[in-house]
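Let me begin by presenting the structure, written as structure tokens, before commenting on it.
Read-outs: derived from the displayed coordinates by stated rules, not from any lab. All values reported here derive from a predicted model rather than from experimental measurement. All Cβ positions, glycine included, derive from the backbone under ideal geometry; neighbour counts span all protein chains shown.
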């Protein structure tokens, strides 16, 4: 049976206040649809014939279907379908993150071989929460995109197609990823809320969710990252500019931040300031108290007693003195398609030539 | 000091004087400065026919070129008026009213009434009207009846430079929305105009010529045709009284009725299309209020019920002529004048 | 009391709650009285959308102007228009905000910067460009906010205004109140590019989408956008995704809605509940304090309704008044 | 073919802007014997209709001006000659007569017909006629301007240097009146004389201008050689309040025309152009405020605030008082206030604008008075 690829494309990512405060990207719906069509063409070229897609009312699907219809109509494909057949998960649309959760779970149950995700860190986090062992191929269409790598989506589609059709061995095709689990025990109700982050957990003193985005550095207190990459934007950059930690290393980094980021720092307490790209187009001075490695599978209890928890750059939970918060980093938490490795392999083994050299022959 | 200037200069001068007098007066429109954002000269056009030429040098950013976007900038002028400015928005050709009429008739005209007398909308929409410019059907209309139909709008149509200046100044100072109709074929016409500021009150027709035999009522370009007709009628011993309405809303009913009560005969000349226009309006009013004074049926001389044609030979037939006005006067004087005729 | 974690002080939070509660109570009361046949004409209720008007208007003063829509009661109340005058207006009384000559769809109070509800969809956008232009000419740091529904955002006036505001760099905020329905037609069907942010982007201004049922989300985003406009940063668009608890107008059977839709949004997306839970949970405001406000608001609306019904009708001569400044 | 015994009657030029006039009717038949001052015909201009008086004696030998016909200024409209001048000579004279080129056409190009002077009271417009003889200053009344002296200025200029000014708030002078009292206006007039370098002048004042002239005679007697008070204010309390209010309040021709008619004994003299010109003046920015300030200061509640008669009687300034018998604005019997000290002339058939309605007689009185007083 030919593999089926699932697609989760979030129509509402990249719409938050950072458009106003930091000139962040706002990828148009039509462009998201065009990205999807490019991915679909690449998947079909690798032999993927069926794709299962999350329903949404934001317009992506409508644009994509228009594109498929035009391709069938204009005969450019010479009678050959250049796109896979598109199926939609049967589920109601709420226009919230719950759609992503549910669609991912349904696709996993339907046995998809991989999940192509269009969105920012938030969308990827929602998929990762439900995808189990199904590998993710991430495409950045959000604002703070620390998790999905920036790459032409055709290549991502190609790599995914090569990976799921078995033309690249799994140990090359797929990579393990880390995450941080957040557990919040409510002092009021006794209930426990669990959440997760793919890249970073930031604890800030604002105790309301509001417009979700993080951009007021004076409120930053503690930062936990799965990897610390000086090449990405956002919270991870703060850590990455202090002590880089790779995606493939075990464990992450924990940084304590201070409100006095603007030079008036309290030297006695060993505060330094860091000039970091905390959001697209937004360089800010952040007061840094100290940092240390965050080993895997060890629960951290923060010093901050009240505030909000921002997961991958967006405030999601608020907590008070009565609540108990703990954070634990997990290695090998979920899988992604290792696009770079797949493409390198494809090249080395001439997988896309007319008569492909057998995989084994390359070794 | 009085001197001879054209109607175009008079309008320019009125804008200049009012902008000098009142810092809340702003002027906006398509190409009223001209060349904004382009590489060439500042003040490249001063309006498509140069009416606002030179004002940019005197008043700078209070003259604003707009995008070709009548609905937005006419609406913005209305909104700014409701917020304390006195905007003068040029709607190049009033034929373009179609794309922004909502902002005028549903918004500007209604604010005072609809908001219980608690809003003022001192906006002036000025632009060109009228045929004879070889500009064809969409740049030549006399749409004044559309405007007079709407309560809350004031409608002004000057026939000469002196009136244009005084009426435009009054329009800017007036606290109601005013549609200021400039007949493009009168722009070059000169007359004595004081250099100083002056305002001509609304609702006062100008009696251009006294006469006891017949009353000719008109406005805009056709006032001049009526005067020509009156001059030729003198040879037959007919003295026509010629009334220039100047403002169509409000309209000076008293002057019309008083004149008709004396002359007993009425010819109404209107460059607008014949159905439901100023001519029918005035004829009906006089018929209702001064029927006893009439010695003959009222004659209406209007444009035909057609779009404005392009071919110069046809357009020349379109606008009421001095001859057609004189003929209409003669009809009121002949015994048959009282019998009904069907207008073209 | 716990430390206040919110971006507003307690008094401001109470004010926001009172405003939202007043709008809700006002609309619920109209819903009941309209069904009784007490109210002439037709009314469009804002219930369910209170967080949007309130979250935005908390940032404005009387010098800032708003242009509203046919669904304008909430905007009026949040902008400070007197509730008694509004109710009397809806009843067509001489004591009304417009002396009984405007009605529900035309309530205005220019002294409060409320430039009128508007029966013409999309018409407020050019008007607010003018208001913003006036503020810019005067240099008084005023801003203009225009509200438009998801449906009316298709009007040429709205799109032209986005362009004009961008070209003139006006201090305007275009607020799209997306309740999902253009009268009865789904927004998804009627809006071709599917995203208001995309539309804003196309006109060269930033667009932001927020959860319009979350007072804090609206408040925070609006604050940044309004501050940017005040500082000369130019126009922006704010899309508030929200829900409408009643029909397009009163008497609308809402047969276009999915089964269970209304019940679901009332249960999970009631902005008043979301706000009050949030502030009570944080320990900033006691439930009893909110209940006290509820009682006061209830009394206010009751009094406004009683006063409106008892108020005199306009005099016959008012028919001819205020067409022009004089004559 | 100049024959000094043949005297042409030509279309007169009344005022600077007149270029043509219409003969409306002859008051003398051909063959009549004419004396100086006889009313010959009526001429209508776009501003006013008036009578042309004879300036010479003789028999009206030919009447050329057809009633109802418009002639340019200086066109030959009649011929006076003694009875013994042969008809052939007269015909020859007529056929040889050429309308002199209008001197004003040249003047208009050469320089302005009106002048302006910068004074402490603002810009003052004035006209100056004549180069010789005593200096005369013409001061118009409330709401008037220097054109009120249309029929006066050129006649006096034959033997005098005549200035006529627009008072502040009037005509084309500055419309702001700093001090809307008689003293204020008087100071403005003196400021004007300073600006044009005139130390002393014979003051001819009409109506309010008469009161301004009297005020000046009292405050600066050295600068007033004589007073000619025409229908003057300042000689009694009475004034037609309706006229003042009507004039100030009128904004339309319909309102203004009846008001202006009270100025003349012959209401028909109020032409369309006169009304239009006044409306044009009244519409100018600042005029309404100026007129209201003046009327409040000088004529509040329908009474004249200042009566200067006794002061003038004591001052012994040579004074002429002229009144139209049918004056409906200020009663002619106010002239009696100076009956003991001044020459008083009450002219029949004329109203408040007596210098226009009986121009010939008034001009003769003025010339005589100024000549005697100088």
Mind running the shape call on segment B:2-194? Use the C-alpha gyration tensor, a ≥ b ≥ c as the square roots of the eigenvalues: rounded below 1.5 for a/c, prolate if a/b tops b/c, oblate otherwise. rounded
Relative to chain B, whose Cα atoms define the longest principal axis, helix B:278-289 and its Cα axis are tilted in degrees, nearest 10, by 50
GNM, chain D, Cα, under 10 Å: largest mean-square fluctuation among D:197, D:246, D:122? D:197
Ordering D:265-274, B:224-233 by per-residue average of other C-beta atoms within 10 angstrom, highest first, gives B:224-233, D:265-274
Determine, for each peptide in C:43-55, B:211-223, C:285-297, the mean count of other beta carbons within 10 angstrom over its residues, then list the peptides with the highest first. C:43-55, B:211-223, C:285-297
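May I ask what percent, to the nearest 5, of DSSP beta bridges between residues of chain A are antiparallel?
Around 75 percent antiparallel, to the nearest 5.
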Say a paramagnetic label sat at a point 7 Å from the Cα of residue C:325, along Cα to Cβ; which residues of segment B:170-184 have their backbone N under 11 Å from it? B:170-178
Helix-derived [θ] at 222 nm for chain A: sum -39500 (n - 2.57) over DSSP H runs of at least 4, divide by residue count, nearest 500? -7500 deg cm²/dmol
Cβ neighbours within 10 Å, averaged per peptide: list B:19-26, B:262-269 in order, most packed at the top. B:262-269, B:19-26
Looking only at segment B:232-266, which residues have a backbone nitrogen under 15 Å from a spot 7 Å from the Cα of residue B:191 in the C-beta direction? B:242-247
How far apart, in nanometres, would the label points at residue C:3 and residue A:50 be if each is projected 7 angstrom from Cα along the Cα-to-Cβ direction? 5.6
Is the shape of segment C:10-320 rounded, prolate or oblate, going by the alpha carbon gyration tensor and its root eigenvalues a ≥ b ≥ c, with a/c under 1.5 for rounded and a/b larger than b/c for prolate? rounded
Antiparallel %, DSSP beta bridges [both residues in the protein assembly as shown], to 5: 50
Using C-alpha positions alone, give me the convex hull volume of segment D:6-101 per residue in cubic angstrom. 87
From the helices alone, meaning DSSP H stretches of at least four residues, give me the mean residue ellipticity at 222 nm for chain D, per-run term -39500 (n - 2.57), in deg cm²/dmol to the nearest 500. -9000 deg cm²/dmol
Once you place label points 7 Å from the Cα toward the Cβ at residue D:340 and residue C:255, how far apart are they in nm? 10.6
Distance between Cα centroids, segment B:116-137 to segment D:179-243: provide it in whole Å. 49
Output the 0 to 90 degree angle, nearest 10, between the alpha-carbon long axis of helix D:208-219 and the longest principal axis computed from the alpha carbons of chain D. 60
Averaged over peptide C:158-171, how many Cβ atoms belonging to another chain are found within 10 Å of each residue's Cβ? 4
Sort out for me the Cα centre separation of segment A:184-206 from segment C:87-116, rounded to whole Å. 48
Using only the Cα atoms of segment B:3-79, build the gyration tensor, take square roots of its eigenvalues as a ≥ b ≥ c, and label the shape rounded, prolate or oblate: rounded if a/c is under 1.5, else prolate if a/b is larger than b/c, else oblate. oblate
Counting helices only, and only those DSSP H runs with n ≥ 4, report the 222 nm mean residue ellipticity of chain B as the sum of -39,500 (n - 2.57) divided by its residues, in deg cm²/dmol to the nearest 500. -9500 deg cm²/dmol
Looking at chain A as a GNM with Cα springs under 10 Å, which of A:258, A:90, A:318 has the largest mean-square fluctuation? A:90
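If you take each beta carbon of peptide A:19-25 and count the beta carbons of other chains within 10 angstrom, what is the mean? Before the final figure, lay out the partial values.
On the way: counts 13, 15, 7, 1, 1, 2, 1.
Per residue, the number of nearby Cβ atoms from other chains is 6 on average.
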Here the whole-number average of other chain Cβ atoms within 10 Å per Cβ of C:100-109 is 4
